[in-house]
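Report on the following structure.
The values are calculated or read from the model by the stated rules, or taken from the named source; none is laboratory data. Worth saying up front: this structure is predicted, and the values here are computed from it rather than measured. Here Cβ is always computed from backbone atoms with ideal geometry, including for glycine, and neighbour counts include all displayed protein chains.
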Amino acid sequence: MNLISTHGVGIRFGGRRILRDINLSIREREIVTIVGPNGSGKTTLLRVLIGAQSPTEGVVTRGAGVSIGYVPQRLAIDRSMPLTVSRWLRLAGAHQASDRQRMAERVDIVGLLGEQMTSLSGGEFQRALLAQALLTRPALLVLDEPTQGLDQPAVASFYRLIETVRGEIGCAVLMVSHDLHVVMRSSDHVICLNGHVCCEGTPTVVSAAPEYQALFGFGAEGALALYRHEHDHRHDHADTTDTHAG
C-alpha cells in the first residue's frame, strides 16, 4: 500500500520555480532517501509530503489514517523558556507516563528527562526529537537531515538507532541525507533531486546514473563500493549461517 504518493507536484515562490513534475510514492515499511545538492528543494518536498505546505501544482495523496512522525533539520527553542526533555515528550500527546519512559529508554535519553532541551548536546537533542516523533507509532517516519552538525560517531549511532526502531515499529522511513554511505547501506529506494527527480531507483541503479554522478562526482561511486561490500558481506554471512544450519 502507498502511504503517500504525488502526481505532477510543483512549487513556485513568486516567479521562481522550486520543484516541478514530482511523481513519487512511498510504500509501507520501505526506506526511501532523498539526496541532492543544496538548494535542490529537498526540505520543501518534505514539507509538501507531510502537509506543512501546499503544492502550487499537482496532487499529493495520503493513505487514510496514515500517521507521520517528523524530525526536523533544525528546531529553535528559546533558551529563556523552561522545557525539560520530559515535558517535551509530553507534548507528543496523551500518552501514558510508562510509554514515555519506555521510549526514553529505547533512544537512550532516560537519564536526561529532567534536563532542559536547550542544554543537550547535538546528538542528545536529536534523540529527544526522535523519541517524540516515535511516540505516536507512526506509519511513516520523516527525517530531514537529522545528523547535520553531529560528529561521525554520533552520526553512526543515530542511524543504527533508526534502523533498529524501524524494525521494531514496522514503519516506513523517508529521510533527506548527505551521508552517501548511509544512503547506500540502508535505503531500499533513492531519489536524486535537483528541482525535479533526476533519477531514482535502488542504490545500485542511482549510483550508476549519469545524473547522479554529474551532481556528486565520480568519487561518489565509493559509496556504492561500500554498499556492495557490506551487502556482499551480509549475503556471505547469511550463506554461511544457512550452511551451518543445514
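Observations, loosely collected:
- Checklist (1) free of Cβ contacts under 8 Å to residues at least 24 places away in the same chain; (2) closer than 19 Å to residue 172 by Cβ applied to residue 54, failing item: (2)
- In segment 57-87, the residues that are part of a helix (DSSP H, G or I) and either free of Cβ contacts under 8 Å to residues at least 40 places away in the same chain or surrounded by fewer than 16 Cβ atoms within 10 Å (Cβ to Cβ) (or both): 86, 87
- One residue stands out in segment 8-31 among those that are exposed (fewer than 14 other Cβ atoms within 10 Å of the Cβ) and part of a strand (DSSP E or B): the one that is farthest from the chain's Cα centre (by Cα), namely 16.
- Every condition in (1) on the phi > 0 side of the Ramachandran plot; (2) in a strand (DSSP E or B) holds for residue 5 except the one numbered (1).
- Spans of helices (runs of 4 or more DSSP H) in segment 88-201 with at least 3 residues within 15 Å of residue 34 (Cα to Cα) and not polar (S, T, N, Q): 180-186
- Residues in segment 167-194 that are under 22 Å from residue 19 (Cβ atoms) and surrounded by fewer than 20 Cβ atoms within 10 Å (Cβ to Cβ): 178, 194.
- Taken across segment 136-148, residues that are at pLDDT below 90, within 23 Å of residue 84 (Cα to Cα), surrounded by 22 or more Cβ atoms within 10 Å (Cβ to Cβ) and polar (S, T, N, Q) do occur, with at least one present.
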